[in-house]
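Everything below concerns the one structure shown next.
The values are calculated or read from the model by the stated rules, or taken from the named source; none is laboratory data. Source: prediction; values computed, not measured. Every residue, glycine as well, gets a Cβ built from its backbone with ideal geometry; the counts of neighbours run over all protein chains shown.
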Amino acid sequence: MPALQQTQEALGYLPDDAIEALARHFRTSPSYVYGVITFYPQFRLKPAGRNLIKVCRGTACHVKGGPRIRQEVERQLGIKEGETTEDMEFTLETVACIRACAIAPTMLINKETYGQLTAKKVAEILAEYRAWRMASEPA
């Protein structure tokens with residue numbers, strides 16, 4: 001597990017050549033490594049966007065409108081859960097709980113927690129990320 005985690009941390013995901021190298025290192029088959037990877041939802045087989053969005057689907061968030069938050073993120077970005085925008089800027093995932101129930105509904109973008117979300121707040125937050133990206137690109 002630590003080798004998989006470290007590899008994903010370094011590469012951003014677990015490509016086929018890394019799976020094969022790990023299998024050789026641990027003297028097992030690539031299919032065994034693949035089985036471990038696909039069993040645990042923390043691992044990715046495709047590259048993630050620069051900004052990883054995790055929308056909470058825990059009970060408190062669900063009751064307070066979490067599904068609407070996920071739908072708004074999908075609408076704003078033009079992607080569905082598990083997908084990445086074409087420009088590789090955003091990847092959308094859902095998670096069981098982010099342990100911020102008191103400020104439900106919530107989402108994480110990278111390591112930043114956003115709470116008491118509404119569709120309007122989601123649009124504003126994503127607009128800020130887009131503006132930051134535009135400002136940081138060379139002219």
Test: residue in the stretch 65-81 that is on the phi < 0 side of the Ramachandran plot, in contact (Cβ under 8 Å) with a residue 40 or more places away in the chain and among the basic types (Lys, Arg): yes
Checklist (1) in contact with a Leu (Cβ under 6 Å, 6 or more places away or on another chain); (2) not in a helix (DSSP H, G or I) applied to ARG27, failing item: (1)
Some residue of the stretch 79-91 being in contact with a Cys (Cβ under 7 Å, 6 or more places away or on another chain), outside the structural domain of ASP16 (by TED's automatic domain parsing) and either farther than 30 Å from PRO15 by Cβ or among the basic types (Lys, Arg) (or both): no
Of all residues in the stretch 73-106 being assigned to a helix (DSSP H, G or I) and within 17 Å of ILE125 (Cα to Cα), the one that is farthest from the chain's Cα centre (by Cα): ILE103
Members of the stretch 34-62 that are of a type outside the set (Ser, Thr, Tyr), assigned to a helix (DSSP H, G or I) and farther than 16 Å from ARG99 by Cβ: GLY35, VAL36, ILE37, PHE39
Selection from the stretch 107-139 of residues that are over 12 Å from the mean Cα position of the chain (by Cα) and of a type in the set (D, E, K, R): GLU112, LYS120, LYS121, GLU124, GLU128, ARG130, ARG133, GLU137
